[in-house]
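Worksheet: the structure to be examined is printed underneath.
The values are calculated or read from the model by the stated rules, or taken from the named source; none is laboratory data. Bear in mind the structure is a predicted one, so any value in this text is a computation, not a measurement. FYI the Cβ positions are ideal-geometry reconstructions off the backbone, even for glycines, and counts take in every protein chain you see.
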Amino acid sequence: MKRITHFVLVLLALALLACGEIPTEPVAKVSGTDVPAKAVSPTQEPVAPKPAWPAEAQPLVDLAIADLLARTEATTATVVSVEAVDWRDGCLECAEEGEQCMQVIVPGYRIVLQVGEQRYEYRTDTDQQLRPCPAVAEWGEEAQVLVDQALADLAERLEISQGEITVLSVEQVNWSDSSIGCPKPGQAYLTVIVPGYQIVLEAAGTKYDYHAGEDGEVFLCEKNVQ
């Protein structure tokens, strides 16, 4: 009788298995209840984020970083922005004094790097030409604070990013009166020497003249916008 019962149970189990009634997933004990164990996915390697610039620009970015580190003796540099630009001459719109430039459109990139609190701009073609523009560390840390203020002001005025603005020149100036080189009609000024800076920026082909006095405030001299 026991053998018959055992045989019946085996047949019943096989029938249930054929009908899919017997769970085929492994089970795990949770609070005394049998529940199907969930499959564990294999550990995935973290994916490095892609740069925010075209892959073909990467060799030029590497060249700019290497040049900047050699000039500043820094160990690291941060890439602030990489922008594709069609330069309007063979000097990448960054000619040295007296340099003759071919008037031809040159596709390339504007690369802005940062070391510490100071930013540096490089201009390139699409091959190997690389120009720091203006000369790296030309104006020093004191003037850089003023340059940053001017860049922020112009970017806000034009509703563009600072990467779209070029620093053409930064000069230390002794203004001849309290107008800081930007007198307004009908207004009187003290005839005193005021040490300061003149910062010329360019955006979309237009030049913007910023002045600063010894108080450390920068303002746009709108009558000099060209």
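Go through the range 93-109 and give me each residue that's surrounded by 13 or more Cβ atoms within 10 Å (Cβ to Cβ) and modelled with pLDDT under 90.
Glu93, Cys94, Ala95, Cys101
For the range 153-226, which strands (runs of 3 or more DSSP E) that fit wholly inside it have 3 or more residues that are in contact with a Ser or Thr (Cβ under 8 Å, 6 or more places away or on another chain)?
194-203
What pairs come up if the first residue lies in the range 64-86 and is in a strand (DSSP E or B), the second is basic (Lys, Arg), and their beta carbons are under 8 Å apart, counting only those six or more places apart or on different chains?
Val80/Arg119; Ser81/Arg110; Val82/Arg110; Glu83/Arg110; Val85/Arg110; Val85/Arg123
Among the residues of the range 118-125, is any under 30 Å from Gly196 (Cα atoms), hydroxyl-bearing (Ser, Thr, Tyr), outside the structural domain of Glu164 (by TED's automatic domain parsing) and crowded, with 16+ Cβ neighbours inside 10 Å?
Scanning the range 118-125 turns up at least one residue that is under 30 Å from Gly196 (Cα atoms), hydroxyl-bearing (Ser, Thr, Tyr), outside the structural domain of Glu164 (by TED's automatic domain parsing) and crowded, with 16+ Cβ neighbours inside 10 Å.
Check Arg131, Arg119 and return the single one that is farther than 16 Å from Leu60 by Cα and in a strand (DSSP E or B).
Details: Arg131 fails: farther than 16 Å from Leu60 by Cα.
Result of the check over Arg131, Arg119: Arg119.
Yes or no: the range 179-195 includes at least one residue that is outside the structural domain of Val82 (by TED's automatic domain parsing), at negative phi, in contact (Cβ under 8 Å) with a residue 40 or more places away in the chain and not hydrophobic (A, V, I, L, M, F, W, C).
So far as the range 179-195 goes, no, none of its residues is outside the structural domain of Val82 (by TED's automatic domain parsing), at negative phi, in contact (Cβ under 8 Å) with a residue 40 or more places away in the chain and not hydrophobic (A, V, I, L, M, F, W, C).
Please verify whether the range 155-176 includes one or more residues that are of a type in the set (D, E, K, R), without any contact (Cβ under 8 Å) to a residue 24 or more places away in the chain and surrounded by fewer than 14 Cβ atoms within 10 Å (Cβ to Cβ).
yes
Which members of the range 87-116 meet the condition of being among the charged types (D, E, K, R) and assigned to a loop (DSSP other than H, G, I, E, B)?
Arg88, Asp89, Glu93, Glu96, Glu97, Glu99
Could you tell me whether Glu142 is acidic (Asp, Glu), under 18 Å from the mean Cα position of the chain (by Cα) and at pLDDT below 90? Give the steps one after another, and end with the answer.
Numbers: acidic (Asp, Glu): yes; under 18 Å from the mean Cα position of the chain (by Cα): no; at pLDDT below 90: yes.
Against the criterion (acidic (Asp, Glu), under 18 Å from the mean Cα position of the chain (by Cα) and at pLDDT below 90), Glu142 does not qualify.
Applying the selection to the range 144-153, what residues are in contact with a helix residue (DSSP H, G or I) (Cβ under 8 Å, 6 or more places away or on another chain) and in contact (Cβ under 8 Å) with a residue 12 or more places away in the chain?
The one that is in contact with a helix residue (DSSP H, G or I) (Cβ under 8 Å, 6 or more places away or on another chain) and in contact (Cβ under 8 Å) with a residue 12 or more places away in the chain: Leu151.
Which condition number does Met102 fail, the rest of (1) in contact (Cβ under 8 Å) with a residue 60 or more places away in the chain; (2) under 19 Å from Gly205 (Cβ atoms) being met?
(1)
Kindly evaluate Ala64 against the criterion of being exposed (fewer than 14 other Cβ atoms within 10 Å of the Cβ) and within 15 Å of Gly163 (Cβ to Cβ). Step through it out loud before you land on a result.
Numbers: exposed (fewer than 14 other Cβ atoms within 10 Å of the Cβ): no; within 15 Å of Gly163 (Cβ to Cβ): yes.
The answer is no for Ala64.
Return a yes/no flag: does the range 203-220 have any residue that is over 30 Å from Glu121 (Cα atoms) and not small (Gly, Ala, Ser). Before you say what the answer is, go through the steps one by one.
First, the residues of the range 203-220 that are over 30 Å from Glu121 (Cα atoms): none.
Within the range 203-220, not a single residue is over 30 Å from Glu121 (Cα atoms) and not small (Gly, Ala, Ser).
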